[in-house]
């Protein structure tokens, strides 16, 4: 399937977890960092927090050595790094591992719900159900205003997977 058709499915609300490996490869357009973005989102939507170690290794291998290429991919770099930090915080049940303010701001244009999701995660880790519900509603409202219809679906799936995760690791 052509990448443009797959992208149109994303824009109309299909989450990354609904795509096959071949479709995710096509979305990546032969750029490992782009592919890794979709693999990361699919793992989050499925609640596969332990994938963070494998994804981090793949991420380290994908970072280009060419400074111009790294500059060109700065936005996806910031997004993937923040999402991997977020997964690491969930996997290790440690709010100190969540992306910090500068990382959230660097991701804000294309990942606007991340800050609210981090707040929901910190509340979840603290056992504060009311604050988690409030931050979850905020993340979904932010995502709902995006032109990318898959963002609200993605955030809903990720936050549902988080809420279904035991607060103490198995």
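The values are calculated or read from the model by the stated rules, or taken from the named source; none is laboratory data. Given the structure is predicted, the values throughout are model-derived calculations rather than measurements. Here the Cβ positions follow ideal geometry from the backbone for every residue, glycine too, while neighbour counts run over all protein chains shown.
Residues of the range 154-164 that are over 24 Å from residue 105 (Cβ atoms) and buried (at least 16 other Cβ atoms within 10 Å of the Cβ): 157, 161. Within the range 71-79, not a single residue is at pLDDT 90 or above and either farther than 23 Å from residue 161 by Cβ or surrounded by fewer than 19 Cβ atoms within 10 Å (Cβ to Cβ) (or both).
For residue 97, the conditions (1) surrounded by 21 or more Cβ atoms within 10 Å (Cβ to Cβ); (2) at pLDDT 95 or above; (3) under 17 Å from the mean Cα position of the chain (by Cα) are fulfilled apart from (1). Being crowded, with 17+ Cβ neighbours inside 10 Å and touching a helix residue (DSSP H, G or I) at 6+ places or on another chain (Cβ under 6 Å): is that true of residue 122 here? Yes, satisfied. Summed over the range 135-147, the residues that are surrounded by fewer than 16 Cβ atoms within 10 Å (Cβ to Cβ) and either free of Cβ contacts under 8 Å to residues at least 60 places away in the same chain or under 16 Å from the mean Cα position of the chain (by Cα) (or both) give a count of 4.
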